[in-house]
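> Here it is: the structure, laid out below.
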Amino acid sequence: EFLRSLQLQLEDASLSSIVIPTINGLDDEETWGLKRELAALRIRSVIVNEEPRGFAANHNHVISKVDARLYLISNDDVTLCPDTIASLVSFMDRAENQRVGVVSPRLLNYDGSIQPCTYSFPTLPRALIGMADLRKRVGGRMAVLLARIFSPGGDGASSIWTHDHQADVDTLRGAFVVVRRQCIDEVGTMDDVALVGGEETEWHRRMRNAGWRVV
């Protein structure tokens, strides 16, 4: 369903694009069934890993195979709101945004509620608060106070804000992002250090250190 909606948005926006799904660990029958479905969507390229590869390794592999101006990195459980792709590409193409290395749209849960997706770079106190789930335990105004104390810097400095306007952030969830090739050429791809967890945060740190914006 995601790939179908993605293809429709790419066509509606008249964007030149290539879509490459990456699949971990399917048997032969599942692989052929998947390829038949992808062929119906006019998707001719698919990477099927015999052994599961991590988040960074899979996406780095695709980036290395395709020379593009912008890359969309997405999980497969995303449902696209109308004009999502066109809006993100238009944002990246604006003259004032040429130093934006990566952008994410606002993420929503299936019930329409906000899915918090922005964070400050990790420190020991922030990590301990996160492990203790302290913000959820105290709730309300106390959670906001904790966010301001340990993640100063205004909206986007933590996960606790309204997510209803543009904000430059330290790092954000990599579930659905558009990344600029020029930025990747300068800072490199993600470090392949785990199956999943933290790769995009370290990537965003390198971007920020090199003067690129994370939005």
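> On the given criteria, is Thr31 on the phi < 0 side of the Ramachandran plot, touching a His at 6+ places or on another chain (Cβ under 9 Å) and of a type in the set (Ser, Thr, Tyr)?
On the way: on the phi < 0 side of the Ramachandran plot: yes; touching a His at 6+ places or on another chain (Cβ under 9 Å): no; of a type in the set (Ser, Thr, Tyr): yes.
In short, no.
> Have a look at Ile18, Ile23, Ile47 and point out the one that is in contact with a strand residue (DSSP E or B) (Cβ under 6 Å, 6 or more places away or on another chain) and closer than 18 Å to Phe176 by Cα.
Working: Ile18 fails: in contact with a strand residue (DSSP E or B) (Cβ under 6 Å, 6 or more places away or on another chain); Ile47 fails: closer than 18 Å to Phe176 by Cα.
Criteria check complete, one pass: Ile23.
> Looking at the structure I just gave you, is Arg213 over 19 Å from Ile63 (Cα atoms), of a type outside the set (S, T, N, Q), open to solvent by 20 Å² or more (accessible area, probe 1.4 Å) and modelled with pLDDT of 70 or more? Step through it out loud before you land on a result.
Numbers: over 19 Å from Ile63 (Cα atoms): yes; of a type outside the set (S, T, N, Q): yes; open to solvent by 20 Å² or more (accessible area, probe 1.4 Å): yes; modelled with pLDDT of 70 or more: yes.
When the stated conditions are applied, Arg213 passes them.
> Just checking, which of Ser90, Ser104, Ser16, Ser64 is farther than 28 Å from Thr201 by Cα and of a type in the set (S, T, N, Q)?
Details: Ser90 fails: farther than 28 Å from Thr201 by Cα; Ser104 fails: farther than 28 Å from Thr201 by Cα; Ser64 fails: farther than 28 Å from Thr201 by Cα.
Checking each option against the conditions leaves just Ser16.
> Report yes if some residue within region 66-74 is touching an Asp or Glu at 6+ places or on another chain (Cβ under 7 Å) and surrounded by 15 or more Cβ atoms within 10 Å (Cβ to Cβ); otherwise report no.
No: region 66-74 contains no residue that is touching an Asp or Glu at 6+ places or on another chain (Cβ under 7 Å) and surrounded by 15 or more Cβ atoms within 10 Å (Cβ to Cβ).
> If I filter region 152-194 down to residues being touching a Ser or Thr at 6+ places or on another chain (Cβ under 6 Å) and modelled with pLDDT of 90 or more, which single residue comes out as most open to solvent (accessible area, probe 1.4 Å)?
Asp170
> Can you tell me which residues in region 16-45 are more than 15 Å from Phe2 (Cα to Cα), at pLDDT 80 or above and open to solvent by less than 50 Å² (accessible area, probe 1.4 Å)?
Ser45
> Another question, then. Collect the residues in region 103-124 that are out of contact with any Phe, Trp or Tyr (no Cβ under 9 Å at 6 or more places or on another chain), assigned to a loop (DSSP other than H, G, I, E, B) and open to solvent by 20 Å² or more (accessible area, probe 1.4 Å), keeping them in residue-number order.
If the condition is that a residue be out of contact with any Phe, Trp or Tyr (no Cβ under 9 Å at 6 or more places or on another chain), assigned to a loop (DSSP other than H, G, I, E, B) and open to solvent by 20 Å² or more (accessible area, probe 1.4 Å), then Arg106, Asn109, Tyr110, Asp111, Gly112, Ser113, Gln115, Pro122 are the ones that fit.
The values are calculated or read from the model by the stated rules, or taken from the named source; none is laboratory data. What you see is a predicted model; the values in this text were computed from it and never measured. We place every Cβ from the backbone using ideal geometry, glycine too, and count neighbours over all the protein chains shown. Heavy atoms of the whole protein, side chains included, go into the accessibility calculation; ligands, DNA and RNA do not. Shrake-Rupley method; radii C 1.70, N 1.55, O 1.52, S 1.80 Å.
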